[in-house]
Amino acid sequence: MTFSLPSWPSCSGTSPLEKGSRPAQGRPMTSTTGPHLSLWKQGLGVVPDAIWDRTDLRSLVLADNGLARISERVGALRNLRMLDLGHNQLHDVPSELGHLEALSDFLYLHDNRLSTLPATLGRLTALRYLNISDNAFEVLPEAVTQMSGLIELRVTDNQLTHLPPSMARLTRLRELHLRNNRLTELPAAIGSMLELRQIDLRGNPITQLPDALLALPRLEKIDLRWVTTLSPPRWFAELESRGCAIYL
């Protein structure tokens, strides 16, 4: 049986970032279908050089392989639309990753040991889904705020203490997942992210929220469960009257 990566649904369904790195039950862990290559959980330790010669690849799964390094040769895979490097031991990724400007469907970097990202990743303006959860980010990398095509961003289980005002550049973002960080507030600039539908702030020490959230016409959900430091503002009632679900 062969394995081809699925076409991911829009944010209205289950997103690729919720599916994670693992292939569906019953599918092989190693498979190739044309320009799609999955080497999930093969204990590689090091990526074989032959992979970097596959310039035809459109999707590449290298998740759960104990990888500590990704070669700068990854920059040669310029036809990639999907790249999964999740569940590894990466402390950094090469700047050449920013050469993959066709990367549009998703980039998984979750469950690694990353604390920074190269500035070159800001070139990935076609990218729609980014998952950098379960890492060691204390500051959201500036490159992320330049990925203007993002519709879903997951930065859960990190150590963020604040979000930069430059987040306002992400005008197409629909879902922002920030669970289990160290955030005490959100920037007022979030009011410029007019496509935003969902904000997950569970498990943060939030003490205040900007009333700029009232400016978000499509906001459907704010999740504040496990937040014990916030007195709900009066304007929550207005959001709820517009159909926004607020979980406390």
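The values are calculated or read from the model by the stated rules, or taken from the named source; none is laboratory data. No experiment lies behind these values; they were computed from the predicted model shown. Here the Cβ is made from the backbone with ideal geometry for all residues, glycine too, and neighbour counts use every protein chain on show.
A few remarks follow.
- Of all the numbered requirements in (1) within 30 Å of THR171 (Cβ to Cβ); (2) touching a helix residue (DSSP H, G or I) at 6+ places or on another chain (Cβ under 7 Å); (3) of a type in the set (Asp, Glu), GLU72 misses one, and that requirement is (1).
- Counted residues, the stretch 104-134 - those being aliphatic (A, V, I, L, M) and more than 17 Å from ARG169 (Cα to Cα): 5
- ASP56 being modelled with pLDDT of 80 or more and more than 26 Å from ASP92 (Cβ to Cβ): yes
- LEU173 being under 16 Å from the mean Cα position of the chain (by Cα) and over 19 Å from SER231 (Cα atoms): yes
- Number of positions in the stretch 61-82 that are of a type in the set (A, V, I, L, M, F, W, C) and within 16 Å of GLN42 (Cα to Cα): 6
- Subset of the stretch 214-230 (residues that are surrounded by 17 or more Cβ atoms within 10 Å (Cβ to Cβ), of a type in the set (Val, Ile, Thr) and over 15 Å from ARG174 (Cα atoms)): VAL227
- Residue match in the stretch 181-199 (condition: touching a residue at least 24 places away in the same chain (Cβ under 8 Å), assigned to a loop (DSSP other than H, G, I, E, B) and hydroxyl-bearing (Ser, Thr, Tyr)): yes
- Unmet requirement for ARG225, which otherwise passes all of (1) more than 25 Å from GLY149 (Cα to Cα); (2) out of contact with any strand residue (DSSP E or B) (no Cβ under 7 Å at 6 or more places or on another chain): (2)
- Within the stretch 100-137, the set of residues being surrounded by fewer than 22 Cβ atoms within 10 Å (Cβ to Cβ), under 12 Å from LEU83 (Cβ atoms) and out of contact with any Phe, Trp or Tyr (no Cβ under 8 Å at 6 or more places or on another chain) comprises ALA102, SER104.
- Here the stretch 53-72 is the region considered, the condition is being in a loop (DSSP other than H, G, I, E, B) and touching a residue at least 24 places away in the same chain (Cβ under 8 Å), and the residue that is nearest to LEU150 (Cα to Cα) is ARG58.
- With respect to (1) more than 11 Å from the chain's Cα centre (by Cα); (2) basic (Lys, Arg); (3) closer than 27 Å to ASN79 by Cα, the lone exception for ARG182 is condition (3).
- For the stretch 145-166, a tally of residues being of a type outside the set (Asp, Glu), in a loop (DSSP other than H, G, I, E, B) and under 16 Å from LEU130 (Cα atoms) returns 9.
- Restricting the stretch 231-245 to residues that are free of Cβ contacts under 8 Å to residues at least 24 places away in the same chain and part of a helix (DSSP H, G or I), the residue that is surrounded by the most Cβ atoms within 10 Å (Cβ to Cβ): PHE236
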